[in-house]
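Reviewing the structure listed below.
Taken together, the values in this text are just the output of simple stated rules run on the coordinates, not laboratory data. As the structure is a computational prediction, the values presented were derived from the model and not from experiment. Heads up, the Cβs are rebuilt from the backbone with ideal geometry, glycines too, and the neighbour counts pull from every protein chain shown.
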Amino acid sequence: MTRQIVFILEKQDAIEALKAYYRDHALSRRTFMRLFLLWIIAVALMSAVLVMIDGSDWYQNWGRSLYRISAIYAAIIIAIWALNYCVLIPHHVQQLVKNDKQIGLEQSWVWDDHAVAIKSSYIRGTYPFRLFSGWREYPTFIALYISPKKFNVLPKAPMNDEQLEDLRTIFKREIAAEEK
């Protein structure tokens with residue numbers, strides 16, 4: 001088995017990879033917990049403001065008002081999240097891909113048990129697998145994370161099953177953890 005692949009990262013593959021990454025982040029438990037905390041804080045602050053303004057009327061009608069405030073803030077937060085997921089993420093991805101100089105260049109990846117050598121007309125170097133913070137496998141590509149927001153895309157199409165299994169084994173052994 002050869003431990004080398006040569007591929008050209010197409011614009012559509014890069015867009016798909018970035019959208020998958022950012023949408024996974026938008027759907028993560030951590031994101032939803034932050035949104036839930038934001039909702040609780042917003043409702044508590046608005047309730048405190050109404051107590052200061054309305055005084056005793058607030059205490060008499062707190063049930064209906066609290067439900068309304070909660071529903072309004074929940075709707076606002078859900079609308080902002082949906083806007084981010086459906087509009088802002090694709091726009092951000094288009095901007096990142098537009099500025100990426102590696103799109104359309106032929107890349108050569110050669111790896112052994114401890115490092116990968118990446119060579120193209122734009123980038124050249126040998127990188128130990130331990131420098132990567134994580135990895136994640138998607139249906140058509142593998143993402144190797146350098147940092148939480150920067151990663152390399154390795155398409156699966158140019159690899160055979162033996163190479164793919166070899167890379168999975170190396171990643172499981174050398175890289176800290178597979179991203180969830």
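Applying 1/(1 + (r/R0)^6) with r as the Cβ-Cβ distance of LEU37 and HIS91 and R0 = 25 angstrom yields a FRET efficiency of 0.40.
Suppose only helical runs count, i.e. DSSP H with n ≥ 4. What mean residue ellipticity at 222 nm does that imply for the chain under -39500 (n - 2.57) per run, divided by all residues and rounded to the nearest 500 deg cm²/dmol?
It comes out at -17000 deg cm²/dmol, rounded to the nearest 500.
Modelled spin labels at ILE77 and VAL49, positioned 7 Å past Cα toward Cβ, are 1.6 nm from each other. Note on LEU105 and LYS172: with the Förster distance fixed at 30 Å, the Cβ-Cβ geometry gives a FRET efficiency of about 0.55.
Counting Lys and Arg as +1 and Asp and Glu as -1, each charge on the Cβ, what is the dipole of segment 15-99 about the Cα centre in debye, to the nearest 20?
280 debye
With a Förster radius of 35 Å applied to the beta-carbon distance between GLN4 and LEU27, the computed FRET efficiency rounds to 0.50.
When TRP109, TRP81 are sorted by how many other C-beta atoms sit within 10 angstrom of their C-beta, beginning with the fewest, the order is TRP81, TRP109.
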